[in-house]
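K.L.:
Got a structure for you, written out below as structure tokens; questions coming shortly.
The values are calculated or read from the model by the stated rules, or taken from the named source; none is laboratory data. In this text the structure is predicted, and so the values were computed from the model without any measurement. Virtual Cβ from ideal backbone geometry, glycine too; neighbours counted across all protein chains shown.
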């Protein structure tokens with residue numbers, strides 16, 4: 001097994017990221033308007049997330065190449081369930097910093113107890129992380145929501161597990177097969193039942209990203225004011241939505257895009273979306289690269305007036321104001337920053353539900369102690 005990116009290219013990536021981080025601190029952290037800036041949040045570090053690989057299979061010298069060429073205080077590796085945590089423990093001794101493992105967890109093939117043992121072993125050595133479950137037709141046919149909660153999550157329910165839920169999307173490596181795609185309606189209904197089961201059993205599980213969405217809506221959209229006597233959101237009590245300010249939404253969405261970039265094995269640069277799962281908005285979704293980092297520094301691509309970044313932002317705004325599900329919705333600005341409208345380039349959410357997953361969010365909002373515990377769990381990750 002070898003790293004798919006040569007070490008020379010990894011070092012170039014690191015050079016471009018360092019250049020870009022310096023540009024962000026000078027040009028984004030100092031701006032007057034936007035999500036980041038003098039009056040909002042700032043970008044305080046950069047991190048590397050090494051995606052799309054089973055890094056526990058790599059020999060030590062290959063892991064050394066990765067960690068040694070991409071230098072950061074935060075490194076996230078992906079891996080299948082593995083008992084070779086010692087590789088990352090030893091790597092961290094040679095290349096210090098905060099290490100995280102994203103565990104690709106397929107409940108159809110993997111045992112929850114093995115995932116639990118792996119997480120506990122990681123933590124005993126100061127390595128954090130979370131399992132990611134991809135929602136596929138194979139999964140929902142094998143597991144009813146009740147069985148999934150009981151068997152796939154039960155053994156993880158008392159150890160404060162960060163749980164990443166992700167959408168299956170066709171890709172080149174998957175042969176662009178669509179047989180495993182779950183419709184938005186199926187997904188929303190299955191996940192709503194799963195979330196209800198997590199709450200009923202009082203599991204110490206922190207679901208990413210839907211739990212974060214629930215907290216955002218309560219805090220930033222003042223939905224806490226609409227909690228009814230039964231503890232659930234009474235939508236008739238929701239405050240009036242803020243006017244939709246296109247320029248403001250565009251600025252904030254651009255800032256999120258600017259801080260969420262991905263460089264692939266060809267060194268092509270893409271926007272990285274932290275929506276339902278973590279997706280690279282590349283040709284699989286109908287988007288051309290922003291550019292190639294062999295050619296120029298990153299900031300030159302993302303500031304081009306007629307570049308791909310601005311075309312993506314235009315598509316987001318166009319979709320929000322023209323799509324029948326978005327035009328009258330109070331959550332347009334939220335969906336913009338998570339690039340949710342862009343997923344419609346490959347799959348429309350033209351049924352009962354939308355990419356906003358609102359019924360799932362409402363379940364988690366019904367249990368404030370659960371959400372407080374979840375937020376505390378996120379803070380433990382440290383970034």
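K.L.:
Take the residues of the stretch 327-354 that are within 17 Å of the chain's Cα centre (by Cα) and under 19 Å from residue 220 (Cα atoms): which is surrounded by the fewest Cβ atoms within 10 Å (Cβ to Cβ)?
P.N.:
Filtering the stretch 327-354 for residues that are within 17 Å of the chain's Cα centre (by Cα) and under 19 Å from residue 220 (Cα atoms), the one surrounded by the fewest Cβ atoms within 10 Å (Cβ to Cβ) comes out as 334.
K.L.:
Going by the conditions given, is residue 292 in contact (Cβ under 8 Å) with a residue 12 or more places away in the chain, out of contact with any helix residue (DSSP H, G or I) (no Cβ under 8 Å at 6 or more places or on another chain), farther than 27 Å from residue 352 by Cα and surrounded by fewer than 16 Cβ atoms within 10 Å (Cβ to Cβ)?
P.N.:
On the way: in contact (Cβ under 8 Å) with a residue 12 or more places away in the chain: yes; out of contact with any helix residue (DSSP H, G or I) (no Cβ under 8 Å at 6 or more places or on another chain): yes; farther than 27 Å from residue 352 by Cα: yes; surrounded by fewer than 16 Cβ atoms within 10 Å (Cβ to Cβ): yes.
Spelling it out, residue 292 is indeed in contact (Cβ under 8 Å) with a residue 12 or more places away in the chain, out of contact with any helix residue (DSSP H, G or I) (no Cβ under 8 Å at 6 or more places or on another chain), farther than 27 Å from residue 352 by Cα and surrounded by fewer than 16 Cβ atoms within 10 Å (Cβ to Cβ).
K.L.:
Return yes or no: is residue 25 under 23 Å from residue 97 (Cβ atoms), more than 25 Å from the chain's Cα centre (by Cα) and outside any loop (DSSP other than H, G, I, E, B)?
P.N.:
Details: under 23 Å from residue 97 (Cβ atoms): yes; more than 25 Å from the chain's Cα centre (by Cα): no; outside any loop (DSSP other than H, G, I, E, B): yes.
Answer is no for this residue.
K.L.:
Here is a follow-up. Could you list all residues from the stretch 64-93 that are over 26 Å from residue 156 (Cβ atoms) and touching a strand residue (DSSP E or B) at 6+ places or on another chain (Cβ under 7 Å)?
P.N.:
Passing the criteria: 66, 67, 70, 72, 73.
K.L.:
Residue 289 is checked against (1) in a helix (DSSP H, G or I); (2) under 23 Å from the mean Cα position of the chain (by Cα) and fails just one. What number does that condition carry?
P.N.:
The failed condition is (1).
K.L.:
From 92, 116, 147, grab the single residue that is under 24 Å from residue 189 (Cβ atoms) and either under 22 Å from the mean Cα position of the chain (by Cα) or at pLDDT 95 or above (or both).
P.N.:
Values: 92 fails: under 24 Å from residue 189 (Cβ atoms); 116 fails: under 24 Å from residue 189 (Cβ atoms).
Criteria check complete, one pass: 147.
K.L.:
Here is a follow-up. Which ones in the stretch 251-276 are assigned to a helix (DSSP H, G or I) and under 15 Å from residue 40 (Cβ atoms)? Reasoning before the result, please.
P.N.:
Here is the first cut: in the stretch 251-276, the ones assigned to a helix (DSSP H, G or I) are 251-258.
Scanning the stretch 251-276 gives 251, 252, 253, 254, 255, 256, 258.
K.L.:
Let me spell it out: the conditions are (1) surrounded by 21 or more Cβ atoms within 10 Å (Cβ to Cβ); (2) modelled with pLDDT of 90 or more; (3) in contact with a strand residue (DSSP E or B) (Cβ under 9 Å, 6 or more places away or on another chain); (4) more than 20 Å from residue 215 (Cβ to Cβ), and residue 320 meets all of them except one. Which number is the exception?
P.N.:
Unmet condition: (3).
K.L.:
Let me ask you something else. Only one of 255, 264 is under 30 Å from residue 5 (Cα atoms), out of contact with any helix residue (DSSP H, G or I) (no Cβ under 9 Å at 6 or more places or on another chain) and surrounded by 13 or more Cβ atoms within 10 Å (Cβ to Cβ). Can you tell me which? Break it down into steps so the answer makes sense when it comes.
P.N.:
Numbers: 255 fails: out of contact with any helix residue (DSSP H, G or I) (no Cβ under 9 Å at 6 or more places or on another chain).
Exactly one residue qualifies, and that residue is 264.
K.L.:
Check residue 211 against each of (1) touching a helix residue (DSSP H, G or I) at 6+ places or on another chain (Cβ under 6 Å); (2) at pLDDT 90 or above and name the one condition it does not meet.
P.N.:
With (1) touching a helix residue (DSSP H, G or I) at 6+ places or on another chain (Cβ under 6 Å); (2) at pLDDT 90 or above applied to residue 211, the lone miss is (2).
K.L.:
Go through the stretch 150-178 and count every residue that is more than 22 Å from the chain's Cα centre (by Cα) and modelled with pLDDT under 90. Please lay out each step first, then the result.
P.N.:
Here is the first cut: in the stretch 150-178, the residues more than 22 Å from the chain's Cα centre (by Cα) are 150-151, 154-155, 158, 175, 177.
Still in the list and also modelled with pLDDT under 90: 175, 177.
Selection size over the stretch 150-178: 2.
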